[in-house]
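Here's the structure we're looking at; comments come further down.
The values are calculated or read from the model by the stated rules, or taken from the named source; none is laboratory data. As the structure is a prediction and not an experimental result, all values here were calculated from the model. Neighbour counts run over all protein chains shown; Cβ positions are idealised from the backbone, glycine included.
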Amino acid sequence: MKVKPLGDRIVVRREEAQEKTSGGILLPDTAKDKPQRGKVLAVGAGRLLKDGSRKGVQVKVGDHVIFTAWAGDEYKDGKGGNILLMREEDILAVVDE
């Protein structure tokens, strides 16, 4: 399934949650925090301005990003992964790895 975001929306695959703490304790699913990092899978054309032009999106496909805790709407793709559809303003930073 291909998802093409509209406007200033961005499709992000959330990173997997940590399986154990830094001390080596295994975490059950209920205790895992949802990561606020992910990889950009698709971007929209940008926000439509009042004069009819579009303001481009600052991120590109393949960027690793950090986003706010409650960013976007989450759904599961056919592979069982966590996909987020969010606005560009929910992204806080691009991470260079």
Item to check | the range 66-76, residues that are surrounded by 11 or more Cβ atoms within 10 Å (Cβ to Cβ), under 16 Å from Arg13 (Cβ atoms) and not hydrophobic (A, V, I, L, M, F, W, C) | outcome: Gly72, Glu74, Tyr75
Item to check | Residue among Lys50, Lys55 that is within 12 Å of Gly7 (Cβ to Cβ) and over 11 Å from the mean Cα position of the chain (by Cα) | outcome: Lys55
Checklist entry - Looking at (1) in contact (Cβ under 8 Å) with a residue 40 or more places away in the chain; (2) buried (at least 17 other Cβ atoms within 10 Å of the Cβ), which is the only condition Asp63 fails? => result (1)
Item to check | Selected residue (criterion: farthest from the chain's Cα centre (by Cα)) from residues of the range 73-97 that are over 15 Å from Lys39 (Cβ atoms) and assigned to a loop (DSSP other than H, G, I, E, B) | outcome: Gly78
Checklist entry - Restricting attention to the range 3-19, does a residue exist that is assigned to a loop (DSSP other than H, G, I, E, B), of a type in the set (Gly, Ala, Ser), modelled with pLDDT under 80 and surrounded by 12 or more Cβ atoms within 10 Å (Cβ to Cβ)? => result yes
Next on the checklist: Can you find, within the range 73-97, the residue that is modelled with the lowest pLDDT among those that are within 16 Å of Gly44 (Cα to Cα) and acidic (Asp, Glu)?
Outcome noted: Asp73
Checklist entry - Is there a residue being of a type outside the set (Phe, Trp, Tyr), at pLDDT below 90 and part of a strand (DSSP E or B) anywhere in the range 55-72? => result no
